[in-house]
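Q: To start, I am sharing the structure in question, which I have written as structure tokens.
The values are calculated or read from the model by the stated rules, or taken from the named source; none is laboratory data. Remember, predicted model here, so these are calculated numbers, not experimental data. Methodologically, a virtual Cβ is constructed for each residue, glycine included, from the backbone with ideal geometry; neighbour enumeration extends over all protein chains shown.
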Amino acid sequence: MNLTIGSDHGAVELKDTVKKIIAEAFPDIEVNDVGTFGTDSVDYPDIAEKVCAEIVNGRSERGIVLCGTGIGISIAANKIKGIRCALCNDVYSAKKCREHNDANVLAMGGRVIGVGPAEEIVRAWLTTEFEGGRHQRRIDKITALENR
């Protein structure tokens, strides 16, 4: 699987930690980091756009976006056609957003989530599959809303 990750300055440390978690636990996942790479202020919508462009263009199957709270970057990501971004602060939400919503982008907050919970959330999100069935009908309705 190819995965693209990006963060603003408020979550660059968490981004680097998540990359290490993925490299150690999922060596078959290729991670593309689109920045930011320091603590100088950047705008999270720009990062969301970079990550999501990789998914929409087919270069990545999934993405992870991070900002201080995860809220702003998840809102920005969800403005992009074809993206289903879920802000997750717990393992249950990470599993359900994959099983029921086929979330292709995970959002977390660098000032909200600690390393331990972030690792558990990422592991759950990466290993949980979409259930399809009745949930596909709902995804189709989300897509229809997007296309209006």
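Q: Does at least one position in segment 77-85 carry a residue that is of a type in the set (A, V, I, L, M) and part of a helix (DSSP H, G or I)?
A: Let us first name the residues in segment 77-85 that are of a type in the set (A, V, I, L, M), namely 77, 80, 83.
Next, from what is left, pick out any that are part of a helix (DSSP H, G or I): 77.
There is at least one residue in segment 77-85 that is of a type in the set (A, V, I, L, M) and part of a helix (DSSP H, G or I).
Q: Taking interchain pairs and intrachain pairs at least six residues apart, which have beta carbon atoms under 6 angstrom, with the first residue in segment 68-93 and farther than 25 Å from Asp40 by Cα and the second of a type in the set (Asp, Glu)?
A: Listed pairs, sorted by first residue: Lys81/Glu146; Val91/Glu120.
Q: Report the residue count in segment 83-104 for those that are out of contact with any Gly (no Cβ under 9 Å at 6 or more places or on another chain), over 16 Å from Arg138 (Cβ atoms) and not aliphatic (A, V, I, L, M). Don't jump to the end; show me each part of the working.
A: As a first pass, look at segment 83-104 and keep what is out of contact with any Gly (no Cβ under 9 Å at 6 or more places or on another chain): 84, 86, 90-101, 103.
Within this subset, residues satisfying the condition of being over 16 Å from Arg138 (Cβ atoms) are 90-95.
Subset that is not aliphatic (A, V, I, L, M): 90, 92-93, 95.
Residues in segment 83-104 being out of contact with any Gly (no Cβ under 9 Å at 6 or more places or on another chain), over 16 Å from Arg138 (Cβ atoms) and not aliphatic (A, V, I, L, M): 4 in total.
Q: Restricting to segment 86-113, count the residues that are part of a helix (DSSP H, G or I) and either on the phi > 0 side of the Ramachandran plot or surrounded by fewer than 23 Cβ atoms within 10 Å (Cβ to Cβ) (or both).
A: The qualifying residues number 6.
Q: Being out of contact with any Phe, Trp or Tyr (no Cβ under 7 Å at 6 or more places or on another chain) and under 21 Å from Met1 (Cα atoms) narrows it down to one residue among Ala86, Ala144, Ala94; which is it? Can you show your working first?
A: On the way: Ala144 fails: under 21 Å from Met1 (Cα atoms); Ala94 fails: out of contact with any Phe, Trp or Tyr (no Cβ under 7 Å at 6 or more places or on another chain).
Going through Ala86, Ala144, Ala94 in turn, the sole match is Ala86.
Q: Within segment 90-97, identify whether any single residue is more than 15 Å from Pro117 (Cβ to Cβ) and modelled with pLDDT of 95 or more, and answer yes or no. Break it down into steps so the answer makes sense when it comes.
A: From segment 90-97, those more than 15 Å from Pro117 (Cβ to Cβ) are 96-97; that's our starting set.
Keeping just the survivors that are modelled with pLDDT of 95 or more gives 96-97.
The answer is yes, given that some residue of segment 90-97 is more than 15 Å from Pro117 (Cβ to Cβ) and modelled with pLDDT of 95 or more.
Q: Is there a residue in segment 55-67 that is free of Cβ contacts under 8 Å to residues at least 60 places away in the same chain, in a loop (DSSP other than H, G, I, E, B) and out of contact with any helix residue (DSSP H, G or I) (no Cβ under 9 Å at 6 or more places or on another chain)? Full working, then the answer.
A: Step one: of segment 55-67, the residues free of Cβ contacts under 8 Å to residues at least 60 places away in the same chain are 55-60.
Filter once more, keeping what is in a loop (DSSP other than H, G, I, E, B): 57-60.
Applying the additional criterion that residues be out of contact with any helix residue (DSSP H, G or I) (no Cβ under 9 Å at 6 or more places or on another chain) yields 57-58.
Among the residues of segment 55-67, at least one is free of Cβ contacts under 8 Å to residues at least 60 places away in the same chain, in a loop (DSSP other than H, G, I, E, B) and out of contact with any helix residue (DSSP H, G or I) (no Cβ under 9 Å at 6 or more places or on another chain), which makes the answer yes.
Q: Can you find a residue in segment 30-53 that is within 18 Å of Ala94 (Cβ to Cβ) and either in a loop (DSSP other than H, G, I, E, B) or in contact with a His (Cβ under 7 Å, 6 or more places away or on another chain) (or both)? Give the derivation first.
A: Taking segment 30-53 as the starting set, the residues that turn out to be within 18 Å of Ala94 (Cβ to Cβ) are 31, 51.
Right, trim to either in a loop (DSSP other than H, G, I, E, B) or in contact with a His (Cβ under 7 Å, 6 or more places away or on another chain) (or both) and you get none.
No - not one qualifying residue is present in segment 30-53.
Q: Go through (1) out of contact with any Gly (no Cβ under 7 Å at 6 or more places or on another chain); (2) crowded, with 17+ Cβ neighbours inside 10 Å; (3) not polar (S, T, N, Q) one by one and return the number of the condition Ile142 breaks.
A: It fails just one condition, (2).
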